[in-house]
Amino acid sequence: MDKKVTTAELITQSLAMLCISLLACQTGYICAWPSYTTSNFESNSTLLDRPMSAWEISLLGSLPNFGALLASPFCGLAFNILGRKYATIFFGLPYVITWTIISLTDNVILVLVAMSIAGVGVAGQNVAIIYVSEIAHDSIRGGLTAFSSSGYIIGLLTSYILGGKLTYQQVVYTHLGFSVMTMLLLTLLRESPVFLVMKGREEEAEKSIAFYKRLKIGSKDIAFEIDKIRLQINPSSEKTYLPVDTEEAKDLAKHEEQQVEQKPTSSWKFLMKSKSSQRALATVLIIMTLIILMGCVVLQVYAEPLFKEAVPSMPPNQCAILLAVDFLIASLVCVFIIDKFGRKPLLIVTAAISGVCMFLLGLQLQTHFAPHWFTVLIIYTYSFVYMLGCAAIPFVLSAELFLPEVRSLCNSITMVCLWSVNFVTLLVFKPLAEWLGLGIVFYCFSMFSFVGVLFGYAYIPETKGLSVDAIQLLFLKKK
């Protein structure tokens with residue numbers, strides 16, 4: 001049984017998580033930037049060599065997702081070859097390249113190409129999730145993983161504020177400086193002990209465990225952690241730590257052992273043999289898709305134009321900044337409650353409230369039955385509730401549900417799903433809004449929210465405080 005997390009261990013792992021979450025900050029900068037540059041880029045007085053067309057404006061917000069989609073299949077390979085630490089550093093490089101290109105050109109095509117390159121870095125966000133989950137103590141894993149995703153919100157907020165205070169070039173140079181700083185800070189961390197044991201570098205793994213858990217090298221606690229990682233990596237681990245005090249548990253563990261008797265030569269073969277991994281992957285892919293189709297990504301990328309139409313009496317940049325503050329507060333609250341109330345109840349409740357908010361927002365945009373302040377109230381309520389649970393839980397689940405043998409592969413598949421749905425959603429939002437009207441589009445977001453409630457209730461397992469081995473039993477039980 002794991003000991004309780006110590007204060008020194010908590011501080012060390014929290015600081016490491018903050019460094020890792022800076023990669024997500026870079027994604028926040030990229031996603032927020034189009035929000036406050038769109039009006040200039042499509043005007044006749046644009047800073048670019050010509051005004052952007054409506055189609056190019058749609059691409060400006062969606063191309064990072066397209067770049068992420070193309071890069072995601074290779075993320076698993078990068079994780080397993082470079083390691084968690086150096087893959088995280090590697091995926092910080094595209095942001096440096098992107099802001100360098102944008103700082104040097106005013107060509108529309110090159111700006112769009114630069115945004116596509118940023119997508120390669122966006123794809124690397126799952127490195128942060130895996131990295132954090134593998135260095136965090138089980139009792140704080142959910143909170144640290146959720147907060148690492150909050151780096152994205154901090155990036156949004158920072159970029160919105162900079163966009164309202166600085167000139168175009170000053171914003172670009174500031175983002176470039178932040179991206180370089182992120183890569184430098186990440187070099188101070190140690191590699192994931194799970195990755196090191198997988199590669200047979202156990203002496204380095206002992207040093208990594210000693211660093212993150214603040215233990216003395218050679219202690220029994222380090223030996224215990226090494227043994228625990230070995231058992232997770234061994235294919236038979238799907239039965240090793242599982243409780244065997246019931247006949248059901250014994251039968252399920254025996255069934256899974258027969259499917260993975262010999263160690264597969266690749267992650268794909270292991271995935272094909274492991275029923276629990278297949279079911280976990282299907283669960284994560286479905287809930288990830290539903291969460292995106294709840295519409296929050298649209299609010300983040302098109303914040304200022306949406307606020308300008310929904311609440312013309314308020315400065316759109318100020319509204320966008322308050323939106324990011326709303327996101328940040330909710331994500332910080334999520335850190336403290338996700339390990340207390342659990343993943344499943346939080347997902348169901350926040351998805352249900354999000355559905356109600358989106359329905360009311362659609363009705364308001366369509367009929368204007370209430371004053372403008374009601375529109376603002378609904379948008380901020382939805383954003384807070386969504387960020388409190390829906391936004392974080394799919395990423396926490398993707399970090400928790402998979403065994404080490406398929407963790408990189410399954411996260412890469414999950415990210416392909418994420419960026420595919422993001423790209424399509426952002427690409428079709430403006431045409432659909434012009435064709436159907438904003439109200440109808442937000443009704444659709446509401447519908448997907450309620451579908452998420454039903455799916456969460458029926459299929460999402462509760463993983464609070466469970467090790468990866470115990471979680472597998474939840475997916476081996478027959479529904």
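Quick note: the coordinates plus some simple rules give every number you see, no bench work behind them. Not measured: the values here are computed from a predicted model. Neighbour counts run over all protein chains shown; Cβ positions are idealised from the backbone, glycine included.
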### Task
Give me D for segment 179-235 in µm² s⁻¹, whole number, from Stokes-Einstein with Rh from the Kirkwood sum over alpha-carbon pairs, 25 °C and 0.890 mPa s.
204
## Note on the structure
Note on segment 336-391: C-alpha Rg/Rh, Kirkwood Rh, two decimals, gives 1.09
### Query
When only alpha-carbon atoms count, how far does segment 1-101 stretch along each of its three principal axes, as whole angstroms with the largest first?
64, 30, 24
### Summary
Here P(r) for segment 62-166, Cα-Cα distances in 10 Å bins, as whole percents, is 15, 37, 34, 12, 2, 0
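Taking the Kirkwood radius as the inverse of the mean 1/r across Cα pairs, report the Rg/Rh of segment 44-120. Please report the intermediate quantities before stating the final value.
On the way: Rg = 14.6 Å, Rh = 13.5 Å.
Ratio of gyration radius to Kirkwood radius: 1.08.
Going through the cross-link list Lys4/Lys199; Lys85/Lys199; Lys199/Lys228, which pairs have a Cα-Cα distance over 18 Å in this structure? Present the calculation step by step, with values, prior to reporting the outcome.
Numbers: Lys4/Lys199 28 Å; Lys85/Lys199 14 Å; Lys199/Lys228 15 Å.
Violating the 18 Å limit, Cα to Cα: Lys4/Lys199.
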### Query
Across 10 Å bins from 0, what is the distribution of all Cα-Cα pair distances for segment 374-423, in whole percents?
23, 36, 27, 11, 3
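Over segment 96-237, calculate the relative contact order: mean separation of alpha carbon pairs under 8 Å at least 6 apart, over the residue count, as a percent.
19
As a footprinting exposure proxy, order Thr414, Thr174 by other Cβ within 10 Å, with the fewest listed first. All intermediate terms of the calculation are to be shown ahead of the outcome.
Details: Thr414 25, Thr174 16.
Listing Thr414, Thr174 from fewest to most nearby Cβ atoms yields Thr174, Thr414.
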## Note on the structure
By the Kirkwood definition, with r running over pairs of different Cα atoms, segment 125-176 has a hydrodynamic radius in Å of 12.7
#### Entry: Cα centroid separation - segment 81-132 against segment 41-65, whole Å
20
### Message
Please report Rg (one decimal) and Dmax (integer) in Å for the Cα set of segment 366-454.
### Response
16.8, 54
### Query
Taking the C-alpha atoms of segment 149-210, how large are the radius of gyration and the largest Cα-Cα span, Dmax, in Å?
17.8, 51
### Query
Given C-alpha coordinates of the chain, what is the ratio Rg to Rh with the Kirkwood estimate of Rh?
0.98
## Note on the structure
Cβ density ranking, 10 Å radius, fewest first, applied to Arg50, Arg84 yields Arg50, Arg84
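Plugging the Kirkwood radius over Cα pairs into Stokes-Einstein for segment 419-479, at a temperature of 4 °C and a viscosity of 1.567 mPa s, what D comes out in µm²/s? Don't skip to the answer; put the middle values down first.
On the way: Rh = 14.6 Å.
The calculation lands on 89 µm²/s.
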### Query
Rounded to the nearest 500 deg cm²/dmol, what is the calculated helix-only ellipticity per residue at 222 nm for the chain, with -39500 (n - 2.57) per DSSP H run of length n ≥ 4?
-26000 deg cm²/dmol
### Overall dimensions of segment 278-411 as given by Cα atoms, namely Rg and Dmax in Å
16.5, 54
### Query
Within segment 367-427, which chymotrypsin sites (Phe, Trp or Tyr not before Pro) sit in a loop by DSSP and count at most 11 neighbouring Cβ atoms inside 10 Å?
Phe369
### Query
Using the Kyte-Doolittle scale, which helices in the chain average at least 0.5 and also have C-alpha atoms spread 18 Å or more along the helix axis, with helices defined as whole DSSP H runs?
7-41, 54-71, 108-123, 141-165, 168-186, 275-292, 316-341, 343-367, 372-385, 404-436, 438-459
### Task
Grab every C-alpha pair in segment 51-94, bin the distances at 10 angstrom width from 0 up to the longest one, and report whole percents.
25, 39, 21, 13, 2
### Message
In Å, what Kirkwood hydrodynamic radius results for segment 103-157 from the alpha-carbon pair distances?
### Response
13.3
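Tell me, what does the Kirkwood hydrodynamic radius of segment 327-477 come to in angstroms if you use every pair of distinct C-alpha atoms? Intermediate values should be presented prior to the final figure.
Details: mean 1/r = 0.0590 Å⁻¹.
About 17.0 Å, per the Kirkwood formula over Cα pairs.
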